[in-house]
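Structure first, then comments.
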Amino acid sequence: MNITDVRVRKVNDEGKMKAVVSITFDEEFVVHDIKVIEGQNGLFIAMPSRKMGEGDFRDIAHPLTSETRNRIKEAIFVEYEKVLENAAAMASSGAVSAPPKEEEEEEAEEEAKEEEITE
């Protein structure tokens, strides 16, 4: 499986959760809600999870090997750093960032597809 797209959906300056990311494999399969979290030893990723009855969390989707987890983590961190650099450049120039129109349309299409699946 090849990672064909990484999208940083939300970036937070405050708190431990720094970003929420979606990653696409082979332009066919998407995993949403991967979190970039700042821990005691630096940044790490947390796969999408669901809270279980006893307060524990269980991953909904996750890599089976550490090699795959590392490839996902590195792809996410590369894109996350690009987003941070772009935000810093925009802030220093005084410009306000707005997503390109094409990206907004793609996101709307993805949301519509997800709604169809859950109905």
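Since every read-out is calculated from the coordinates, none of them should be taken as a lab result. From a predicted model like this one, the values you see are computed outputs, not experimental measurements. Glycine gets a Cβ as well: all are built from the backbone with ideal geometry, and neighbour counts include every protein chain shown.
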Label region 1-80 by shape, choosing from rounded, prolate and oblate, from the square roots a ≥ b ≥ c of the eigenvalues of the Cα gyration tensor; if a/c is under 1.5 it is rounded, and otherwise prolate applies when a/b is larger than b/c, oblate when it is not. oblate
What is the magnitude of the charge dipole of region 1-55 about its Cα centre, with +1 placed on the Cβ of each Lys and Arg, -1 on the Cβ of each Asp and Glu, and no other charges, expressed in debye to the nearest 20? 260
Label-point separation in nm, Asn86 to Asp59, each point 7 Å along Cα→Cβ: 2.8
